[in-house]
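Peer 1: Dropping a structure here in structure tokens format, bear with me for questions.
The values are calculated or read from the model by the stated rules, or taken from the named source; none is laboratory data. Keep in mind that what you see is a predicted model, and the values were worked out from it rather than measured. Here Cβ is always computed from backbone atoms with ideal geometry, including for glycine, and neighbour counts include all displayed protein chains.
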Amino acid sequence: MQPIFDFFFDQYYGVPTHLLILELIGVLFGFLSVIYSKNNNILVYPTGIISTAVFVYILTVYELLGDMMINAYYFSMSIYGWYIWTRKVDATHFTPITNTTRKENWQALFIFLGTLIFVFIIYEYFEKWNNWTAYIDTFTTAIFFVGMWQMAKKKIENWIFWIIGDLISVPLYFYKGLTFTAIQYFVFTIIAIYGYRAWKRDLRNDLRPA
């Protein structure tokens, strides 16, 4: 048991206590945010804002610039999504879950490619191409930017991007020494699968004639 514990948590040796505590807080509120998202609950946004604010700081310290920008973007998009989710489309109904349109698919592609270029420029400017994780970080940043944009607009396809990005992030964060965060993304993957199924069921019910 001890060798297994050491394998996962020796990476925290010498890490300042405040960073460990902040990571645990960020993970906790991250879990709450994803669970609320799965349940189509507006609390996804206030809990997400707390989590992303914490991780902006942590990821800056660990020099994961792409993921730091992801969380800064999440923070701003959470405010936007909070507004969209509370906006009524008529007297009694709030913004519903829908599929992406052809136009929105092109917009998603533009966001993905634009994010790749932007993060590449950031890494190039700060000369941070010193590890293979930088290339993975650039790719996951683009995936998550699209996922967050689609979630804010209540598009069911957002879960597909979350699942792909979460799966890639598990080994990335473990390699960088953020074991709790790696575990968080593993659980996120499972929740995202259930979230996709739940939203698909809700979408099917919404489309069913009254």
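Peer 1: All but one of (1) in a loop (DSSP other than H, G, I, E, B); (2) closer than 22 Å to residue 55 by Cα; (3) touching a residue at least 40 places away in the same chain (Cβ under 8 Å) hold for residue 100; which doesn't?
Peer 2: Of (1) in a loop (DSSP other than H, G, I, E, B); (2) closer than 22 Å to residue 55 by Cα; (3) touching a residue at least 40 places away in the same chain (Cβ under 8 Å), only one is false for residue 100: (2).
Peer 1: Quick test for you: out of 27, 89, 119, pick the one residue that is surrounded by fewer than 18 Cβ atoms within 10 Å (Cβ to Cβ), at pLDDT below 90 and not charged (D, E, K, R).
Peer 2: Numbers: 27 fails: surrounded by fewer than 18 Cβ atoms within 10 Å (Cβ to Cβ); 119 fails: surrounded by fewer than 18 Cβ atoms within 10 Å (Cβ to Cβ).
Going through 27, 89, 119 in turn, the sole match is 89.
Peer 1: I'm told residue 72 meets every condition in (1) under 25 Å from residue 176 (Cα atoms); (2) touching a Phe, Trp or Tyr at 6+ places or on another chain (Cβ under 7 Å) except one. Can you identify the failing condition by its number?
Peer 2: (2)
Residues are listed down the side, and each one gets a yes or a no for (1) surrounded by fewer than 16 Cβ atoms within 10 Å (Cβ to Cβ); (2) modelled with pLDDT under 80; (3) not in a loop (DSSP other than H, G, I, E, B):
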site	(1), (2), (3)
15	yes, yes, no
19	yes, no, yes
23	no, no, yes
31	no, no, yes
36	no, no, yes
42	yes, no, no
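Peer 1: Take residue 154 and tell me if it is at pLDDT 85 or above and either surrounded by fewer than 20 Cβ atoms within 10 Å (Cβ to Cβ) or touching an Asp or Glu at 6+ places or on another chain (Cβ under 8 Å) (or both).
Peer 2: Spelling it out, residue 154 is indeed at pLDDT 85 or above and either surrounded by fewer than 20 Cβ atoms within 10 Å (Cβ to Cβ) or touching an Asp or Glu at 6+ places or on another chain (Cβ under 8 Å) (or both).
Peer 1: Follow-up. I want to confirm something. Restricting to the stretch 153-202 and keeping residues that are under 11 Å from the mean Cα position of the chain (by Cα) and of a type in the set (Ser, Thr, Tyr), which single residue is nearest to residue 139 (Cα to Cα)?
Peer 2: 169
Peer 1: So residue 161 clears everything in (1) surrounded by fewer than 22 Cβ atoms within 10 Å (Cβ to Cβ); (2) at pLDDT 95 or above except one condition, right? Which one?
Peer 2: (1)
Peer 1: Hey, any hits in the stretch 54-67 for a residue that's modelled with pLDDT under 85, within 16 Å of the chain's Cα centre (by Cα) and surrounded by fewer than 21 Cβ atoms within 10 Å (Cβ to Cβ)?
Peer 2: Yes, the stretch 54-67 contains a residue that is modelled with pLDDT under 85, within 16 Å of the chain's Cα centre (by Cα) and surrounded by fewer than 21 Cβ atoms within 10 Å (Cβ to Cβ).
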